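K.L.:
Please find one structure pasted underneath; my questions will follow.
Each reported figure results from applying straightforward, stated rules to the coordinates on display, with no laboratory input. Since we're looking at a predicted model, the values are computed, not measured. Positions of Cβ are backbone-derived with ideal geometry, glycine not excepted, and every protein chain shown enters the neighbour counts.
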Amino acid sequence: MGGKVYASVLGLLQPRPPLIRVVPLSGRYIPQPGDVVIGTVTDVQGTFWLLDIGAPRWAPLHMTGTPWDVQVGETEKFLRVGDAVVVQVENLDPTGRIGVTMNGEGLGKLDGGTIARISPARVGRVVGRKGSMIETILQHTGARMTVGQNGRVWVDGDPEAIRRVTEVLRTIDDEGMRPGLTERIESLLRASDPTDERGRAPRFAGAPPTDRAPLEVDEPAREPDAGDE
Amino acid sequence: MGSVGAKDVPVLLSPEGLRIDGRRLDELRPIRIEAGPLHQADGSAFVEWGANKVMAAVYGPREVHPRHLQQNNKAVIQCKYNMAAFSVDERKRPGLDRRSQEISKVIGEAFESVVFAEEFPRTSIDIYIEVLQANAGTRCAGLVAASVALADAGIPMVDLLPAVAVGKIAGKIALDLKKEEDNFGEADLPMALVPQSGRLVLLQMEGHMTADELAASLDLGVRGCRDIYETMKAALRARYSAPGDRGGAA
């Protein structure tokens, strides 16, 4: 318009001559073929399930797209409303229909753990360069985790580890667009690491009330972090 | 003052040309816009504009409910404007009324002309505007809040939509009427502008004006909109550069 280019979405400008790219800062998950995403079942039909993957539309998962031997009408024996799954986006058609499959490595139903939500625009920051951020988080907490491209993160491990990971995820979601993130996350993780306080990691086993100490420990530790902005 | 029948009409314009709250004729009430106060919504905004307090939340694009409203070639934009029962002096009967239906419709249609709805076929973009405290000009405040919320939700559109009302008080054209001016003034003319193109996508009028006054009002309103536009952009910038207090419990 008038020799100028205007962005249609709110984002960061990244000029890469001869192209200009606007990196969105917000918005729903826009699926791309090949993305591995985490979804929850919202509806069960005779031959397929509908999944909420945080995209503009629900994604149908056909029974032939699963590693199981599903009979027509028996879909509910395998997945019910509310179940969480890891699936891969196979194709998109121009009307916005999203095809997903559960056949593939690392795909399947999720049991246990919890699902944290972050903005899809922040997924890159959680993964880090070549997975460096995930490495850092897992090393410090001993949790297990799967990051979906749609901004849903499945975390499992002992309750304390889950708590720490979700806290870190929240921080990344809040501050992910500012520089120096890795250092801040590392210091946050170190500050909340119970092993730093007493030299040995307490494996969670119905911890007595006195073991609540780490909860208070990390509060003051966060202050300098917030102050230096 | 007389006590029989008609209400007392306040003096809307002092001899020095100042209004009841001390503003000049072409002055806006103070505006504060906060982008993204709500967690659950895809986008949100809170606007304090004079004594108005308006919260807007945007969800979507998402599945359409009810299904039959679904459009095969574009997203439907569903807007709901609602005034809280406690938003006005005398308790308002809660729920839908003719006024809120009308405002929902005109605001929704204003956004239909700026949002790239074709990018999300068979989906719905839902806009909820809640007026918590009202003091005239809530449709404009609601529209401004909804527009910032849409941007916060990452929804592609032509431009933000600033809006303001111009009115006529004591025979003079005045920008951004407050409650007493709206109640006792001669005309009220809310409008919403696409700053990039200069197009108006919402224009309503109540009361009487001459053609010359209307032209002057439009000019004044467009200028007001451009001021508000800057405030809206600043709010979005603040949201995405500020350190991470996302407000409320996470």
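K.L.:
Mind checking which of B:Q133, B:Q196, B:Q78 has the largest fluctuation in a GNM of chain B, springs on alpha carbons under 10 Å?
P.N.:
For chain B, modelled as a Gaussian network with Cα springs under 10 Å, the answer is B:Q196.
K.L.:
Also, I was wondering about something else. Positive end of the dipole of the range B:31-236, charges at C-beta (+1 Lys, Arg; -1 Asp, Glu), about the Cα centre: which of B:A41, B:L200, B:A165 has its Cα farthest in that direction?
P.N.:
B:A41
K.L.:
What angle do you read, to the nearest 10 degrees and between 0 and 90, between the alpha-carbon axis of helix B:98-112 and the longest principal axis of chain B?
P.N.:
With rounding to tens, the tilt is 60 degrees.
K.L.:
List the equivalent ellipsoid semi-axes of the range B:93-193 in whole Å, largest first, each obtained as the square root of 5λ for an eigenvalue λ of the Cα gyration tensor.
P.N.:
Square roots of five times the eigenvalues give 28, 16, 11 Å.
K.L.:
For the range A:36-110, give the magnitude of the charge dipole about the Cα centre (Cβ charges: +1 Lys/Arg, -1 Asp/Glu; no others), in debye to the nearest 20.
P.N.:
100 debye
K.L.:
What span do the alpha-carbon atoms of the range A:112-193 cover on each of the three principal axes, reported in whole Å from largest to smallest?
P.N.:
Cα extents, longest axis first: 31, 28, 22 Å.
K.L.:
Name the shape class, rounded, prolate or oblate, that the alpha-carbon gyration tensor gives for the range A:36-110, where a ≥ b ≥ c are the square roots of its eigenvalues, rounded holds for a/c under 1.5, and otherwise prolate holds if a/b is larger than b/c and oblate otherwise.
P.N.:
Verdict is rounded for the range A:36-110.
K.L.:
Want the number for B:D212 to B:V9: 0.36 nm per residue separation, take away the alpha-carbon distance, what's left?
P.N.:
70.5 nm
K.L.:
Which value, in debye to the nearest 20, gives the size of the charge dipole of the protein assembly as shown about its Cα centre, when Lys and Arg are +1 and Asp and Glu are -1 at the Cβ?
P.N.:
About 540 debye.
K.L.:
Between B:M205 and A:K109, what is the spin-label point distance in nm, taking each point 7 Å from the Cα along the Cα→C-beta axis?
P.N.:
Result for the modelled spin labels: 6.6 nm.
K.L.:
Which three semi-axes in whole Å describe the equivalent ellipsoid of the protein assembly as shown, each the square root of 5 times a Cα gyration tensor eigenvalue, listed largest first?
P.N.:
48, 28, 21
K.L.:
Also: Enumerate by residue number the trypsin sites (Lys or Arg not before Pro) in the range A:57-142 meeting two conditions: DSSP loop (anything except H, G, I, E, B), and at most 12 other Cβ atoms within 10 Å of the site's Cβ.
P.N.:
A:R80
K.L.:
The range B:136-235: Rg/Rh from Cα coordinates, Kirkwood Rh?
P.N.:
Using only Cα positions, Rg/Rh for the range B:136-235 is 0.99.
K.L.:
Once both axes come from the Cα atoms, what is the angle between helix B:138-152 and the longest principal axis of chain B, in degrees from 0 to 90, rounded to 10?
P.N.:
With rounding to tens, the tilt is 30 degrees.
K.L.:
Quick one: Debye curve from the C-alpha atoms of the range B:31-236, no solvent, what's log10 I(q)/I(0) at q = 0.11, 0.15 Å⁻¹?
P.N.:
Once normalised to I(0) and log-transformed, intensities are -0.49, -0.90.
K.L.:
Something else: Compute the long axis of helix B:211-241 from its Cα atoms, compare it with the longest principal axis of the Cα atoms of chain B, and write down the angle in degrees, 0 to 90, nearest 10.
P.N.:
Taking the Cα atoms of chain B, the angle to B:211-241 is about 40 degrees.
K.L.:
Right, here's the next one. What FRET efficiency, computed as 1/(1 + (r/R0)^6) with R0 = 51 Å and r the Cβ-Cβ distance, is obtained for B:L69 and B:E16, rounded to the nearest 0.05?
P.N.:
0.40
K.L.:
Working out 0.36 nm times the residue gap between A:T136 and A:Q45, then minus their Cα-Cα distance, what length gain in nm do you get to one decimal?
P.N.:
That pair, A:T136 and A:Q45, stretches by 28.7 nm at full extension.
K.L.:
Not counting the cut sites, what is the longest span of chain B without GluC sites (Glu not before Pro) that DSSP labels loop and that have at most 12 other Cβ atoms within 10 Å?
P.N.:
Result, exposed sites excluded: B:91-250.
K.L.:
Can you list, bin by bin at 5 Å, the percent of alpha carbon pairs in the range B:141-186, starting at 0?
P.N.:
Result returned by the calculation: 5, 21, 21, 13, 11, 11, 10, 6, 1.
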